[in-house]
Structures are given as structure tokens and as C-alpha cells.
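The values are calculated or read from the model by the stated rules, or taken from the named source; none is laboratory data. The structure displayed is predicted, hence computed values, not measured ones. Note: ideal-geometry Cβ built from the backbone for every residue, glycine included; neighbour counts use all protein chains shown. Quick note on the areas: whole protein, heavy atoms, side chains included, nothing else; ligands and nucleic acids left out. Shrake-Rupley method; radii C 1.70, N 1.55, O 1.52, S 1.80 Å.
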Amino acid sequence: MAQITIVFDTKTETLEDVLSDMNWGQRDIKPELLVEAEEEAEEEAEEEAEEEAVELDSDGVPWDERIHSSNRKMTKKGVWTRQRGIDPSYFDEVYAELKTGVAIPSLPISDDAPPPPPPADAPPPPPPLNLETSSVEDGEWNWNTLVKSLSQAIKSGEVSKADQDSALKEVGVELFPLLSVRTDLYNAFAAKLGLKQ
């Protein structure tokens with residue numbers, strides 16, 4: 001018996017659609033194969049959704065390596081375990097950032113619509129980024145390396161909270177968690193603080 005393998009994108013079409021495009025009728029395919037293919041597609045979609053989801057603790061806070069234990073375990077109350085020996089005021093500061101960042105939904109960015117005009121009493125926009133000084137020698141930053149480098153710089157005393165806030169303001173972001181969706185600003189932010197990968 002010959003075996004045929006058909007490859008298609010389960011996000012955009014079903015096995016039935018592919019077969020009908022090939023002029024095969026359902027009479028040529030065993031119904032259990034169709035069900036099996038659909039179940040596999042659903043499982044793949046669920047797995048992808050789980051991978052993209054951010055896990056929150058019972059307080060609605062995401063895990064953050066700056067303040068939470070690296071093993072990602074939760075306490076009996078369902079909150080992330082704190083790092084050992086962390087300064088309580090630093091913990092409270094980062095925790096407040098995370099709490100605020102989670103509560104603020106990100107807005108979709110559309111290239112089609114122009115931004116609305118600022119209100120008359122709005123502060124002036126931040127200065128444009130100097131892209132020549134915003135690159136990092138070792139390459140592009142991602143959220144994990146940025147958080148890790150910033151955490152290490154803060155712990156070692158190279159960067160203060162005031163430095164962080166100033167750099168955020170210079171790149172036009174109010175809170176550190178809100179920088180996570182602005183990948184275009186990672187290099188500029190890191191350069192302003194002198195972070196190294």
C-alpha cells in the first residue's frame with residue numbers, strides 16, 4: 001500500500017480544504033484520518049498558545065528574575081518565591097512596577113493611522129533617538145538579556161533606580177515593564193545606562 005504525506009499549514013486551512021483543492025473527495029479518505037488530523041492541529045494550536053502565555057501568580061504578577069527565585073516555584077499562597085537576601089525596598093519597588101505593568105494593557109500599533117495630536121498642555125515629546133549611539137557592541141538585545149543586565153548593574157551599584165528612570169524618560173517610556181513591548185528602544189535604553197550583554 002502506498003503512503004502519501006501532505007504538508008500544509010493548520011493555521012490557515014484544514015485537511016478537508018487541502019484535499020478538496022486536490023480534487024479528492026472525502027470518500028477517498030477514512031473519516032478517522034480526518035478527525036486525527038484535526039485533533040493534531042488543535043493540539044498544536046493549544047501548545048503554541050501555552051508557550052506564548054505569561055504565567056501570573058495569585059497576585060497577578062509575572063515572574064521576574066530581578067526579584068523572584070530562579071527555580072520559578074510558588075509559595076503555598078500561590079505567589080512567586082522571593083530571591084534570598086533581596087533588599088525589601090528593592091523588592092517592593094520592582095513588585096510595584098510589575099503590578100502596574102500587568103494592569104496596563106498594551107495598545108496595538110498601527111502603521112496606517114497617524115498618531116492623534118497631543119493636547120495643548122502636553123509636555124514636549126522626547127528628543128529623537130540617536131541611533132548611532134544606541135547600538136550595543138555584542139548585538140541586539142532581547143527582553144531577557146536586558147532585564148538580566150539591568151538587574152546585575154543595579155545589584156552591583158553601577159546603575160541606580162534614578163538612572164533607570166532617567167533613561168526610560170529619555171526613550172519616552174514611563175515604566176520599565178512597558179519597555180518590554182518596545183523592542184525598538186532596547187538598544188537605546190541599554191546604551192544610555194552603559195549596560196553590557
With every protein chain in place, what's the accessible area of Tyr95 (1.4 Å probe, Å², nearest 10)?
60 Å²
Of Lys99/Lys155; Lys161/Lys196; Lys77/Lys169; Lys73/Lys148, pairs whose Cα-Cα distance is over 24 Å:
Lys77/Lys169
Take each of the peptides 161-170, 5-14, average the number of other beta-carbon atoms within 10 Å over its residues, and list them starting from the highest.
161-170, 5-14
Show me, for segment 148-165, the HN-Hα J-couplings you get by feeding each phi into the Karplus relation (A = 6.51, B = -1.76, C = 1.60, θ = phi - 60°), rounded to Hz, glycine and proline as x.
5, 5, 5, 4, 5, 5, 5, 4, 7, x, 5, 10, 9, 4, 5, 4, 4, 4
Take Ile86, Ile67 and sort them by solvent-accessible surface of the protein heavy atoms, 1.4 Å probe, largest at the top.
Ile86, Ile67
Leu178, Leu146, Leu193, Leu56, reordered so the largest accessible area comes first (probe 1.4 Å)
Leu56, Leu178, Leu193, Leu146
Would you kindly find the accessible area of Trp143, with a 1.4 Å probe and non-protein molecules such as ligands, DNA and RNA excluded, rounding to the nearest 10 Å²?
70 Å²
Accessible area, 1.4 Å probe, largest first: how do Thr145, Thr183 sort?
Thr183, Thr145
